[in-house]
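> Dropping a structure here in structure tokens format, bear with me for questions.
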Amino acid sequence: MKKNARKSERNPTLRSRLLRLVLVPLSLILLIDIVGSYFVVRHVANDVYDVELNEIAREMLLHVTHNKGEMGFDLAPEAERTLLLDKEDQVYYAIRTMDGNLIAGDPTLPVQTVIKSGKDTAYYDGVLQGQSVRVALLRGQPLLHPATELVMIQVAETQVKRDRHERALLIQLILPQVLLILIAGILIWRGVAHGLAPLRKLQQEVGMRSHLDLSPIAADNVPGEVEPLVGAVNDLMTRVDAVLGFQGRFIADTAHQLRTPVAGLKAHIELALRENDLTQVKRALGHLYTSAERLSRLVSQLLSLARNEPNNVAVNFAPFDLNQLALRAAQEWVPLAYKKQIDLGFDTAGQPVLLNGEAARVTEMINNLVDNAIRYTPPGGRVTVHVRQDEHAHLIVSDDGARIPVEERTRIFERFHRLLGSHEEGSGLGLAIVHEIATLHNASITLEDDVDGVGNTFTVSFPVSHAPG
Ligand SMILES: Nc1ncnc2c1ncn2[C@@H]1O[C@H](COP(=O)(O)OP(=O)(O)OP(=O)(O)O)[C@@H](O)[C@H]1O
Ligand SMILES: [Mg+2]
């Protein structure tokens, strides 16, 4: 359920993100442009028609009369109709004295006598009988009676043709821009689809792959931005391939190694089953026990090898004292050494040797080295565990066993590799485990002839942790 719910909330696509990023600002710019254009267009429309209103007002000024102190207006009705005639708009006028007294015209036209100083004409928007009108206001002296006082002439016109003109201009200006945005949207939509086509091909390729095919993905045609991602995936596949290879070989080797002891167990059981003599049965059971013990050691070494595989484990480092740890581990081996008449000694560093690592894993490493030293040293020999510190912390295990030939000194760290001619029991995993644990701790291992000329010396050198104090 949860999985489906998550699937339905898809991440926003690159396409929708790009469209949003480009089209939203473009639309905002268009909006600002529309508002700006509206004012420009209105201004242009007014300029054209205002001149006409002004001309009507000036024409009227010619017909203002002055007779015996009385202002009048003398324009034949026919001439007035012609003057005010317009196909679309209604035209009104009012002629007033400077005191606001109506000489002629429409009394409902609101009185307006203020004009910016220095000018004789003003234009403004107003309302007449509920309709919006554009008004030209002219202040002048009646031209035929220059001695008389000034008059104010208002010519008002409804705005039908201005509005129409304005709409036509706006559409002409804005339509191409809206089209441009639409085209940009379509181009982005198609462009992104085109740009992402190699990714879709890549997806199909990866989708059709067998889970066994971990070869690198070809990054030939993918966009440059995606190349690092493909590189990282390829890198991951290489590492997964290495781990899978290791695991495959490990399982094969393990099955092979387990087959022999299991066959031995079966043989001993069959033998015991065939015997009627209790003493013989007991002897067979004794062999069975030894075989089972050997098998049990093999299994625990295998588990240990898997537990310490550097690619598979998460390590939990903490500081500890290598000197004390090695002493404790060595002490555990005293009873066995005593039984084998081996002189097991511990050479202390004389002071704590602080290491950063996993104490349990390092103990396991020491156990494997001491186990080998005791196992491959003949009775009467000496085994010594030293801890020393210089720029590194050294754990040294030297023994009196048979000298390991130089050409074998690398191979003995491989899994299941044992030296020919050794009659000791063993599964060939101890040193492989030591190697893994050293790798986990960034430590190096060297194997040399023992300084006293007899036996071998294994030295594990750890980087030192710089603990305070
Ligand atoms: N201290 C040593 N002296 C002489 N030979 C050694 C010593 N340590 C290891 N070897 C040789 O190296 C081989 C590999 O050692 P390793 O510890 O890996 O396996 P093992 O001892 O045979 O088995 P395991 O430790 O898994 O039970 C041994 O079989 C032995 O031949
Ligand atoms: Mg061993």
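> Could you list log10 I(q)/I(0) for the stretch 227-307 at q = 0.10 Å⁻¹, which the Debye formula gives when each Cα is one point scatterer?
The Debye formula, applied to the Cα set alone, gives -0.44.
> I need the Debye-formula profile for the stretch 318-463: one equal scatterer per C-alpha, no solvent, reported as log10 I(q)/I(0) at q = 0.14, 0.20 1/Å, two decimals.
Each listed q corresponds, in turn, to -0.61, -1.31.
> Further question on the same structure: Hey, which aspartates and glutamates would be in cross-link range of LYS119, C-alpha to C-alpha under 19 Å, not counting anything within fewer than 8 residues on its own chain?
Straight-line reach from LYS119, under 19 Å: ASP47, ASP50, GLU52, GLU55, GLU59, ASP99, GLU149.
> Grab the DSSP H runs of the chain that are 4 residues or longer, score each as -39,500 (n - 2.57), total them, divide by all residues and round the 222 nm result to the nearest 500 deg cm²/dmol.
Counting only the DSSP helices, I get -17500 deg cm²/dmol.
> Provide Rg over Rh for the chain; use the alpha carbon set for both Rg and the Kirkwood Rh (inverse mean inverse pair distance).
Rg/Rh: 1.56.
> Which is farthest toward the positive dipole end of the stretch 36-187 among GLN154, PRO77, VAL44, measuring Cα position about the Cα centre, with Cβ charges +1 (Lys, Arg) and -1 (Asp, Glu)?
Farthest towards the positive end: VAL44.
> If you rank MET71, MET98 by how much accessible surface each has, with a 1.4 Å probe, what is the order from largest down?
Sorted by accessible area, descending: MET98, MET71.
> Sticking with this structure for a sec: Students sometimes get this wrong: rank MET237, MET208 by accessible area, probe 1.4 Å, all chains present, largest first.
Values: MET237 30, MET208 160 Å².
Correct descending sequence by accessible area is MET208, MET237.
> Quantify, in whole percent, the carbon and sulfur part of the accessible surface of the chain (1.4 Å probe; protein heavy atoms only).
On the way: 16920 of 28770 Å².
Roughly 59 percent of what the probe reaches on the chain is carbon or sulfur.
> Compute from the Cα atoms of the stretch 15-168 the Rg and the Dmax, the latter being the longest Cα-Cα distance, and quote both in angstrom.
Gyration radius and largest Cα-Cα distance of the stretch 15-168: 20.9, 84 Å.
> Now for a different question. In terms of solvent-accessible area of protein heavy atoms at a 1.4 angstrom probe, what is the ranking of HIS287, HIS165, HIS441, highest value first?
HIS287, HIS165, HIS441
> Averaged per residue, what accessible surface does the chain expose to a 1.4 Å probe, in Å²?
With the other protein chains kept in place, the chain gives 61 Å² per residue.
> Which percent, nearest 5, of DSSP beta bridges in the chain are antiparallel? Display every interim value, and only then the final one.
Values: 53 of 58 bridges.
Here the antiparallel bridges make up roughly 90 percent for the chain.
> Using alpha-carbon positions, what is the distance between the centroids of the stretch 183-240 and the stretch 318-365, in Å?
What the calculation gives is 54 Å, centre to centre.
> For the chain, which DSSP H helices look membrane-span-like by this rule: Cα extent along the axis of 30 Å or more and mean Kyte-Doolittle of at least 0.5?
Span-like helices in the chain: 14-61, 160-208.
> List the trypsin sites (Lys or Arg not before Pro) within the stretch 403-469 that fall in a DSSP loop (any state other than H, G, I, E or B) and whose Cβ has at most 10 other Cβ atoms within 10 Å.
none
The values are calculated or read from the model by the stated rules, or taken from the named source; none is laboratory data. These figures come from a predicted structure and were not determined experimentally. Here the Cβ is made from the backbone with ideal geometry for all residues, glycine too, and neighbour counts use every protein chain on show. SASA here: full protein model, heavy atoms, side chains in, ligands and nucleic acids out. Shrake-Rupley method; radii C 1.70, N 1.55, O 1.52, S 1.80 Å.
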